[in-house]
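> There's a structure below that I have some questions on.
The values are calculated or read from the model by the stated rules, or taken from the named source; none is laboratory data. Just so we're clear, the structure is a prediction, and the values are computed from it rather than from any experiment. In this analysis, Cβ positions are derived from the backbone assuming ideal geometry, glycine residues included, and neighbour counts consider all displayed protein chains. Ligands, DNA and RNA are stripped out before the accessible areas are found, and what is left, the full protein with its side chains, is counted by its heavy atoms. Shrake-Rupley method; radii C 1.70, N 1.55, O 1.52, S 1.80 Å.
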Amino acid sequence: MADMVLKELSIKESPLTKVKELLKRIKIEEIVEKGDVVAIKTHLGSEGGFRIVRPPFIKKVVEVIKELGGKPFVTDTCRPPSLDYLEIANMQGINHLSIGAPVIIADGIKGEDYRVVKINGLVLKEVKVASAIADADAMIVITHAKGHRISSYGGALKNLGMGCVCHSEKRHIHSVLGGELPQWDSTRCELCGICVSSCDHGAISIKDNKVIIDEDKCVRCYRCVWVCPTRALSWSKKGLDRFLMALVDAAAAVISTFKRGKIGYLNFVMDVTFACDCTPWSTIPIVPDQGILASTDIVAIEKASLDLINQAPGIPGQIGPGGRIKALDKGENKFLRIYRTDPYIQVKYAERLGLGSSHYKLIKV
């Protein structure tokens with residue numbers, strides 16, 4: 001772990017400088033071999049948001065991979081339309097010029113380039129993994145640890161389980177969550193249109209003073225519920241446990257496309273906001289920056305990231321679901337308080353599925 005509390009004010013103590021040391025500690029030379037095509041999976045952000053992992057950190061990873069003779073590319077999958085998403089990435093400062101590697105959308109222009117991967121999962125039996133991810137020789141997963149409106153916590157598991165599958169598979173995994181459309185309450189609605197503009201899938205319209213949701217286009221991500229200022233839209237938690245299982249199953253399918261030992265994880269426990277990076281806004285973090293974690297065990301790094309967040313004191317002044325929330329306490333399960341869903345559930349499912357161990361030792365570099 002690279003701590004955000006510096007021992008001294010020098011460049012060698014900067015967390016940015018320590019990215020290379022972190023990669024050495026997880027034996028990056030065994031993950032990346034000469035000639036390997038290496039996917040660097042991260043989130044490219046959203047228009048209006050800004051608390052994603054910053055380009056200089058991604059560039060450091062690119063540099064290390066190139067030093068080892070690997071051929072890196074930075075990637076995410078189609079969430080908004082692919083070409084629009086690349087423009088968002090460029091707006092966020094993530095492009096070939098800034099990071100030294102190509103930026104591509106792993107599931108293609110229309111989000112339907114994939115490989116079908118069979119899996120004996122908790123819920124799923126096959127998963128459509130984005131082709132550029134499945135075809136890569138190795139992968140470094142760069143994850144911004146933060147909250148999420150459905151899964152409670154969005155970490156490396158979600159970065160793989162949702163971020164490495166094709167567009168239609170995202171909908172399939174979300175539909176495991178009961179499959180209900182967002183519910184509209186006309187008595188609360190001011191017909192402001194924020195839900196319409198926030199939907200990446202064009203599933204919402206306003207007609208005859210009514211909010212209309214297209215069942216065929218809606219992917220059940222509930223982003224519209226999140227942004228509604230009057231809480232006129234709502235969603236049911238029916239099926240949430242199955243959704244978390246499906247999310248972990250999909251992560252397992254992604255991992256299975258790589259040879260053992262060919263994936264490394266970097267979790268950035270920095271700018272830990274209560275909401276995910278898909279939202280068209282960013283809030284202040286819920287805790288002070290903790291640092292950067294590195295591991296080859298996805299379960300261990302997720303458990304350690306959540307533990308650090310919960311052990312940290314809360315930052316007051318938060319606006320959360322439904323308005324302002326009470327300051328979060330040191331030692332409190334923070335995302336459980338915010339979302340009433342235990343963020344450790346997905347970690348437990350991942351351990352049950354054999355993806356790693358929740359036992360870890362935190363070593364600072």
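> Restricting to the chain, compute how many DSSP beta bridges are antiparallel as a %, nearest 5. All intermediate terms of the calculation are to be shown ahead of the outcome.
Details: 24 of 42 bridges.
Counting only bridges with both partners in the chain, antiparallel ones make up about 55 percent.
> Give the average over all directions of the projected area of the C-alpha convex hull of region 164-227, one decimal, in nm². It would help to have the intermediate numbers written out before the result.
Details: hull surface 18.3 nm².
Taking a quarter of the hull surface, the average projection is 4.6 nm².
> Using a probe of 1.4 angstrom, how much of the accessible area of the chain is carbon and sulfur, in percent?
Working: 8170 of 15560 Å².
C and S fraction of accessible area: 53 percent.
> Another question, then. I want to check a number: in region 106-177, how many lysine pairs have alpha carbons closer than 21 Å, given a sequence separation of 8 or more or different chains?
Total qualifying Lys-Lys pairs in region 106-177 comes to 12.
> What's the Kirkwood radius of region 82-230 in Å, using all Cα pairs? Don't skip to the answer; put the middle values down first.
Numbers: mean 1/r = 0.0574 Å⁻¹.
So the Kirkwood estimate lands at 17.4 Å.
> Under Stokes-Einstein, with the Kirkwood radius over Cα pairs standing in for Rh, what whole-number D in µm²/s applies to region 121-177 at 25 °C and 0.890 mPa s? Show your work: numbers first, answer last.
Numbers: Rh = 12.4 Å.
Translational diffusion coefficient: 198 µm²/s.
> Then there's this: So what's region 219-344 giving for Cα Rg divided by 2.2 N^0.38 Å, two decimals?
Values: Rg = 16.1 Å, N = 126, 2.2 N^0.38 = 13.8 Å.
The reported ratio for this selection is 1.17.
> Which part of region 48-68 falls in the paramagnetic zone of Glu87, meaning amide N under 16 Å from the point 7 Å along Cα-to-beta-carbon?
Backbone N within reach: 48-49.
> Compute log10 of I(q)/I(0) for region 32-158 with the Debye formula, placing one identical point scatterer on every Cα and leaving out solvent, at q = 0.09, 0.10, 0.21 Å⁻¹, to two decimals.
-0.26, -0.33, -1.35
> State to the nearest 20 debye the size of the charge dipole of the chain about its Cα centre, where the only charges are +1 on K and R beta carbons and -1 on D and E beta carbons. Working shown, then result.
On the way: 50 positive and 41 negative charges, 143 e Å.
Computed charge dipole of the chain: roughly 680 debye.
> With n ≥ 4 as the cut-off for DSSP H runs, can you work out [θ] at 222 nm for the chain, using -39500 (n - 2.57) per run divided by the number of residues, rounded to the nearest 500? Working shown, then result.
Details: 14 runs with 113 residues, N = 365.
That calculation yields -8500 deg cm²/dmol at 222 nm.
> Let me ask you something else. Could you state the accessible area per residue of the chain in Å², with a 1.4 Å probe and every protein chain left in place? Walk me through the intermediate numbers first.
Values: 15560 Å² over 365 residues.
About 43 Å² of surface per residue is accessible.
> Ok, one more. What are the trypsin sites (Lys or Arg not before Pro) within region 178-247 that DSSP puts in a loop, where the Cβ has at most 15 other Cβ atoms within 10 Å? Each step should come with its number before you reach the end.
Values: sites: Arg188, Lys207, Lys210, Lys217, Arg220, Arg223, Arg231, Lys237, Lys238, Arg242; in loops: Arg188, Lys217, Arg220, Arg231, Lys237, Lys238.
Loop-located and lightly packed - Arg188, Lys217, Arg231, Lys237, Lys238.
> Treat each spin label as a single point 7 Å out from the Cα along the C-beta direction, and report the Glu63 to Thr230 distance in nm.
My value for the distance between the label points is 5.2 nm.
> Next up: Looking at the chain, which longest stretch skips every one of the GluC sites (Glu not before Pro) that is in a DSSP loop with at most 11 other Cβ atoms within 10 Å, leaving the sites themselves out? Working shown, then result.
On the way: sites that count: Glu8, Glu190, Glu215.
It runs 9-189.
> I would also like to ask the following. State the Cα centre-to-centre distance between region 185-236 and region 39-81 in whole Å.
Distance between centres, Cα-based: 31 Å.
> Related question: Taking amide hydrogens as modeled 1.01 Å from N in the peptide plane, which residues meet the under 5 Å criterion relative to Ile40, leaving out close sequence neighbours?
When sequence neighbours closer than 5 places are left aside, the close amide H contacts are Phe73, Val74, Thr75, Ile140.
> Separate question: Given the options Phe57, Leu336, Ile286, identify the residue whose Cα lies farthest towards the positive end of the charge dipole of the chain (+1 on Cβ of Lys, Arg; -1 on Cβ of Asp, Glu).
Leu336
> Using the scaling law 2.2 N^0.38 Å as the reference, what is the normalised Cα Rg of the chain? Before the final figure, lay out the partial values.
Details: Rg = 19.6 Å, N = 365, 2.2 N^0.38 = 20.7 Å.
It is 0.95.
> Give the Debye-formula value of log10 I(q)/I(0) at each listed q (0.17, 0.18, 0.23, 0.24 Å⁻¹), with one equal scatterer per alpha carbon of region 56-117, two decimals each.
For the requested q values the scattering log ratios are -0.61, -0.67, -0.93, -0.97.
> Then there is this: Using θ = phi - 60° and the Karplus relation 6.51 cos²θ - 1.76 cosθ + 1.60, list the HN-Hα couplings for region 190-203 in order, rounded to whole Hz, with x at every Gly or Pro.
Working through the residues one at a time gives 10, 6, 6, x, 4, 4, 5, 6, 7, 7, 6, 10, x, 8 Hz.
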